[in-house]
Amino acid sequence: MMNVQGKQISIVQYILLIHGVQVGVGVLTLPRDVAEKAGTDGWIGIIIGWFIATITSLIIIQIMKKYPNGTILDLLKHYFGKWAAKVGGGILAVYFGLLALYSFITEAMFIQAWVLPRVSIFLLLILLSIPSYLLVRNNIQIIGRYSVVVFLMTIWILVLYVYSFKEGQILNLLPLLKEGWQPVVKTLKISIIIYVGFDIAFYLYPFLEKKENASIGVVIANTITMIAYLIITLGAFVVFSPDEITKFNEPTITVLKVIELTFIERLEIVVFAFYIFVMSTKVLPLMFVSVFSTSWIFGKVDHSKPLFWFLVISVIYVLLFPPSVRMDLILAKEIHRISYLFSYVFPICLWGYVLIHGLMKRRSLN
Amino acid sequence: MSFFKKDKKELQQQQTDPNENSGPQTELISLDVINNVNEIQNIFSKTPDLVVTNLVIKQTNAKAALVYLGELTDSTVVSEHVLRPLLFHIDDFNEDSTLKVSVTQIKEVNTWSKVTDEILKGKSVLFMDGSQVAFLLDTGKWPERSIEDTPIESSIYGEHIGFTESGSTNIALIRKHIKNQRLKINDYSIGERGKTKVSLLYLDDVANPDLIKELENRLQKVKVDSITNCIILEEYIEDNPYSPFPQLLVTERTDFATLEILAGRIVIVVDGAPNVLVAPSTFFSFFKSIDDYTSRWLVASFIRLLRYIGFFTAIFLPATYIAIIAFHFEVIPLKLLMSIGVSRERVPFPPFIEALIMEIALEMLREAGIRLPAKIGQTIGIVGGIVIGQAAVQAGIVSNIMVIVVAITAVASFIIPNYQMGASIRLIRFPMMIMASLFGFVGLSVGLMTLLIHLIELKSLGVSYTSPVSPLRIQDWKDLFIRFPQWSITKRPVSSLAIQLRRADSIRPKEDKQ
């Protein structure tokens, strides 16, 4: 049980929080990642991935309905006891912490690569820590508001991608399914990872004002994410030729080079400055969830101290092990592997357990 | 640290109770006039403007003494309406013991503390031999200014009456617009020595009672010698004292304050301040002006949008200039880059220093313009415009482009209708410039992010500051970036937390649709 008074989030905040966590650093490399597996048919994988992600998110809502007044941590405590919950909470805190840390460092690396090659990642991380601390020390409501404002502030970027269609060749997309379904199925490995973040619903559910909207909200969030991914991927596919696209590291940014305005050259640098906001709506809620779990384990309400230490450790980690692209790739692979487990396998197993538990209980009552 | 602590201890030792000499607090006044006069002269020692007039009341033949502070009372009222009837007049029809004076308000008190307080507020006190009570006669007349046009928030079609320094006049000016018995006034006295009268004005069937209670609590917690201005009071009661943004709106316009009361907000009138506070205020209410409502709605919307553009320009234009010149010169078109290059050719400083020199010069000019008497103020304009602008460019200290940037920034920050908000914006510009000079566009992004986060978590009287954008309330957007026609706005803003959201039915007659 927890006190949610004054911390409730509206349905819009709920939708855009989930959407914000889903769209982050991954979107910059997304067109290349799917094109490597399936060429220009990769966008079909995004739709299938959406389907799988939506089903899993609905399962999460079903689980949370069993214990509507608490987060996943309280639910674990309810079903498995205090100590098991503490261990589980610890594992979740570490998982979300790793996810946040990975996104945080990758964000800094992209910034360094695209805008500020002369500034060290260590310094960038300190810079990014300032707004992170200011926001994440607040409750989930404030973070939700931030996600909504950032969504409204950055929605115009999608319009740019639609605009870039004009410069491209629609023929690049044809023929459909040129090599059959095999390559498309291969992209699923990537395309279900890009939806990771809906599992934050585990934590958002008790704070939602109108809980009957939770299911529809999570579907809308996934759909918004899918539309954004589709626009960006298709934009990149029509602008670049099928072979060319895998040569760019971040085609999502590069594609903007084709847009020429009379008053701005190198539009992609200006857009990238706004991408920092998009990436922050992934990192900051993840960071919140991680430190929230940590303070829950220790039975504290205030989470600003764990947050402070999280940021300090991130900065020290970068100082001791300066990240490189190679290391980032290895890290990404490992993070993805853990993500399959936590975002897809864990909810389904937990749901099975909860269902069986319910059945047993009913039988014993009879 | 220890130094400060020691200081504090000394201060505590020296402090006296400000109300110590106001006489024995609860002690009653004596029956004897002479004793009373002695006591009052004792309390008001070294007070040359204390006037004590001994007299014999003709009606009852009783000895009496009239005591008042000469400069705070209206001498005509005292002589014509108090002394003359008492000394010469005999009422043959009513031979009871009521006081036969013709002043508007007579109060009876019997303790010394009350007597002292009221004398200091301009009342005359009449002690009578054999009477257990003293009579307080309302003869006060404060030195005050007449009602004038608003000097700071000027307007084109709005009314040309501003608040004055008298709290009661200000309340009357608001009542002139709201002739409704639902307009309630809560009075408080704040300040140990000043005893400033602070009044809350609200519509009791519209304003949220929780907000009134919260404001009441905050006012009662204020411990201070004297409140001389609204903005001083604001510092004591606002939610986040460390924020650069004003959290309560200050206005000197009676029509603007009236609109806020009608929207369900609370207006705080401080006696002695020529303006009032509005609570709760949102970020967006600082971008409203009364002329938005007195001009056509399309024009008003256009001007309001200009103000928001001005907000971002004033904060980010110099910083963007620095970021582009120092980091991202590839972003701007080649031709523009060439002309900037030519104009910066002779400038020996990095763009940050160049911008800082100009911005600081501009801020000094602005401040000098306010402090100087109006006649000399014009000289400053000439000095600023010609010397700093033209000569600095010719001397090669700053570039032409920089002068343009600074000029646009200044104009942009001056179109914000609220002076306090404009000043905050001018201040925030400096950290943004530093961020831009260190990290380019990334610094700007992080700066904007920090600004956004601060605004989102800020509250005014417990109501979120950025409402209705965050939390999102689309129904309030009718009077936000675009002002819809007056008759279409039928609801009060949700951000005022009003308990009654529907306004009086504002239906436009439609007979012209034939």
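The values are calculated or read from the model by the stated rules, or taken from the named source; none is laboratory data. None of the values given here were measured: they were computed from a predicted structure. Heads up, the Cβs are rebuilt from the backbone with ideal geometry, glycines too, and the neighbour counts pull from every protein chain shown. Accessible surface areas use protein heavy atoms only, side chains included; no ligands, DNA or RNA. Shrake-Rupley method; radii C 1.70, N 1.55, O 1.52, S 1.80 Å.
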Among B:P333, B:P318, the single one that is in contact with an Asp or Glu (Cβ under 8 Å, 6 or more places away or on another chain) and buried (at least 20 other Cβ atoms within 10 Å of the Cβ) is B:P318
Taking region B:441-475 and keeping residues more than 19 Å from B:N240 (Cα to Cα), more than 9 Å from chain A (Cβ to nearest Cβ) and open to solvent by 20 Å² or more (accessible area, probe 1.4 Å) leaves B:R473, B:I474, B:Q475
Being under 28 Å from the mean Cα position of the chain (by Cα) and modelled with pLDDT of 85 or more is true for just one of B:E363, B:E354. Which residue is that? B:E363
Among B:G264, B:G310, which is crowded, with 24+ Cβ neighbours inside 10 Å and of a type in the set (G, A, S)? B:G264
Among helices (runs of 4 or more DSSP H) entirely within region B:359-472, at least 1 residues that are free of Cβ contacts under 8 Å to residues at least 40 places away in the same chain, of a type in the set (A, V, I, L, M) and closer than 25 Å to A:V271 by Cα occur in B:419-457
Kindly provide the set of residues from region A:250-273 that are open to solvent by 10 Å² or more (accessible area, probe 1.4 Å), facing chain B (nearest Cβ under 7 Å) and touching a residue at least 12 places away in the same chain (Cβ under 8 Å), ordered by number. A:A273
Could you check, for region B:376-388, whether at least one of its residues is under 20 Å from B:P318 (Cβ atoms) and of a type in the set (A, V, I, L, M, F, W, C)? yes
A:V4 meets each of (1) more than 14 Å from every other protein chain (Cβ to nearest Cβ); (2) under 19 Å from A:I200 (Cα atoms); (3) crowded, with 21+ Cβ neighbours inside 10 Å with one exception, condition (3)
Does region B:146-163 include one or more residues that are among the small types (G, A, S) and within 22 Å of B:D225 (Cα to Cα)? no
The one condition B:E144 fails out of (1) in contact with a helix residue (DSSP H, G or I) (Cβ under 9 Å, 6 or more places away or on another chain); (2) touching a residue at least 40 places away in the same chain (Cβ under 8 Å) is (2)
I need the full set of residues from region A:237-249 which are farther than 17 Å from A:G49 by Cβ and either open to solvent by 30 Å² or more (accessible area, probe 1.4 Å) or part of a helix (DSSP H, G or I) (or both), in order please. A:V238, A:V239, A:S241, A:P242, A:D243, A:E244, A:I245, A:T246, A:K247, A:F248, A:N249
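A quick yes/no check of all residues on (1) free of Cβ contacts under 8 Å to residues at least 60 places away in the same chain; (2) within 23 Å of the chain's Cα centre (by Cα):
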position	(1), (2)
A:Q169	no, no
A:N172	no, no
A:P175	yes, no
A:K178	no, no
A:I190	no, yes
A:I194	no, yes
A:Y205	no, yes
A:N213	no, yes
Taking the conditions exactly as written (in a helix (DSSP H, G or I) and either within 14 Å of chain B (Cβ to nearest Cβ) or farther than 26 Å from A:D328 by Cα (or both)), does A:L99 satisfy them or not? no
One residue from A:G24, A:G42, A:G49 being buried (at least 21 other Cβ atoms within 10 Å of the Cβ), part of a loop (DSSP other than H, G, I, E, B) and in contact with a helix residue (DSSP H, G or I) (Cβ under 6 Å, 6 or more places away or on another chain): A:G24
Mind checking which residues of region B:319-343 are under 21 Å from B:I428 (Cβ atoms) and away from chain A (no Cβ under 13 Å)? B:Y321, B:I322, B:I325
Being within 19 Å of B:A273 (Cα to Cα) and either β-branched (V, I, T) or open to solvent by less than 10 Å² (accessible area, probe 1.4 Å) (or both) is the filter here; which residues of region B:211-233 pass it? B:L215, B:L219, B:V222, B:V224, B:I227, B:T228, B:C230, B:I231, B:I232, B:L233
Of (1) open to solvent by 20 Å² or more (accessible area, probe 1.4 Å); (2) closer than 30 Å to B:Y157 by Cα, B:P241 fails just (2)
Residue match in region B:71-78 (condition: within 34 Å of the chain's Cα centre (by Cα), at pLDDT 80 or above and in a loop (DSSP other than H, G, I, E, B)): yes
Regarding region A:158-166, can at least one residue be identified that is within 13 Å of chain B (Cβ to nearest Cβ) and of a type outside the set (A, V, I, L, M)? no
Restricting to region A:117-157, count the residues that are within 14 Å of another protein chain (Cβ to nearest Cβ) and open to solvent by 40 Å² or more (accessible area, probe 1.4 Å). 15
Give just the number: which of (1) among the β-branched types (V, I, T); (2) in contact with a strand residue (DSSP E or B) (Cβ under 7 Å, 6 or more places away or on another chain); (3) touching a residue at least 60 places away in the same chain (Cβ under 8 Å) does B:V278 not satisfy? (3)
Of the residues in region B:172-192, how many are touching a residue at least 24 places away in the same chain (Cβ under 8 Å) and outside any loop (DSSP other than H, G, I, E, B)? 6
Single match in A:I105, A:I15, A:I55 (criterion: out of contact with any helix residue (DSSP H, G or I) (no Cβ under 9 Å at 6 or more places or on another chain), at pLDDT 90 or above and part of a helix (DSSP H, G or I)): A:I55
Name the single residue, out of those in region A:106-116 being of a type in the set (A, V, I, L, M) and open to solvent by 10 Å² or more (accessible area, probe 1.4 Å), that is farthest from A:I330 (Cα to Cα). A:V115
Would you tally the residues in region A:184-203 being open to solvent by 20 Å² or more (accessible area, probe 1.4 Å) and touching an Asp or Glu at 6+ places or on another chain (Cβ under 8 Å)? 1
Report yes if some residue within region B:112-125 is among the aliphatic types (A, V, I, L, M) and in a loop (DSSP other than H, G, I, E, B); otherwise report no. no
Within region A:276-309, considering residues that are outside any helix (DSSP H, G or I) and out of contact with any Pro (no Cβ under 9 Å at 6 or more places or on another chain), the one least open to solvent (accessible area, probe 1.4 Å): A:H303
If I filter region B:94-114 for residues that are buried (at least 18 other Cβ atoms within 10 Å of the Cβ) and more than 37 Å from the chain's Cα centre (by Cα), do I get at least one hit? yes
